[in-house]
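Asker: Structure provided below as structure tokens; questions to follow.
Read-outs throughout are calculated quantities, based only on the coordinates presented, and are distinct from any laboratory measurement. Small disclaimer: the values here were computed from a predicted structure and weren't measured. So basically every Cβ, Gly included, is an ideal-geometry build from the backbone, and we count neighbours across all protein chains shown.
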Amino acid sequence: MPIDATKPYDDNNVFARILRGELPARKVYEDAYALAFYDLDPKAPTHILVIPKGPYVSWDDFSANAPEAEIAGFVRAVGAVARDAGLVGDGYRLLANIGRDGGQEVPHLHVHLFAGQPLGPMLAR
């Protein structure tokens, strides 16, 4: 069920629990600013989630409240994950669902990396 991205951060959300080590994840990347892992319900042959380690609900929350080093570190981590997974050559899609209308299901900022097949148009009408 999509969430309201204007609500305060919920530190019991599934990604916060993964960050604390309470839930398992198939990790592909981790540094001081981000964690990346495979999605449990993949929508493409490659479907990786990248999350910042800080408690941010959405891009607007992150961009307004994260320190510059954390923003830069997260953006660099997304690029590193794409390169390390070999996605750059054939291409990939980045997607961040924000809020109810955007289809956000977990109230922790996250970026989806989709690849491994032609992905078609961005949105269906």
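Asker: Anything in region 101-125 that is in contact (Cβ under 8 Å) with a residue 12 or more places away in the chain and among the small types (Gly, Ala, Ser)? List them, or say none.
Answerer: Across region 101-125, the qualifying residues are 102, 103, 115, 116.
Asker: Give the residue that is surrounded by the fewest Cβ atoms within 10 Å (Cβ to Cβ), with candidates limited to residues of region 59-108 that are among the acidic types (Asp, Glu) and farther than 19 Å from residue 40 by Cα.
Answerer: Looking at the filtered set, the residue picked out is 68.
Asker: Check off (1) within 28 Å of residue 10 (Cβ to Cβ); (2) exposed (fewer than 14 other Cβ atoms within 10 Å of the Cβ); (3) not small (Gly, Ala, Ser) for residue 56 and give me the number that stays unchecked.
Answerer: Only one criterion in (1) within 28 Å of residue 10 (Cβ to Cβ); (2) exposed (fewer than 14 other Cβ atoms within 10 Å of the Cβ); (3) not small (Gly, Ala, Ser) is unmet by residue 56, namely (2).
Asker: While we're here: Taking the condition of being closer than 20 Å to residue 18 by Cβ and part of a helix (DSSP H, G or I), how many residues in region 83-119 meet it?
Answerer: Of the residues in region 83-119, 1 are closer than 20 Å to residue 18 by Cβ and part of a helix (DSSP H, G or I).
Asker: Only residues in region 78-100 that are more than 22 Å from residue 5 (Cα to Cα) count as the first member; pair them with residues that are among the β-branched types (Val, Ile, Thr) and assigned to a loop (DSSP other than H, G, I, E, B), Cβ under 6 angstrom, at least 6 apart or cross-chain, and list the lot.
Answerer: Filtered contacts from region 78-100: 82/88.
Each row is one residue, and each column tells you yes or no for (1) over 15 Å from residue 96 (Cα atoms); (2) hydrophobic (A, V, I, L, M, F, W, C).
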{"site": "2", "(1), (2)": "no, no"}
{"site": "11", "(1), (2)": "yes, no"}
{"site": "19", "(1), (2)": "yes, yes"}
{"site": "22", "(1), (2)": "yes, no"}
{"site": "25", "(1), (2)": "yes, yes"}
{"site": "48", "(1), (2)": "no, yes"}
{"site": "58", "(1), (2)": "no, no"}
{"site": "65", "(1), (2)": "yes, no"}
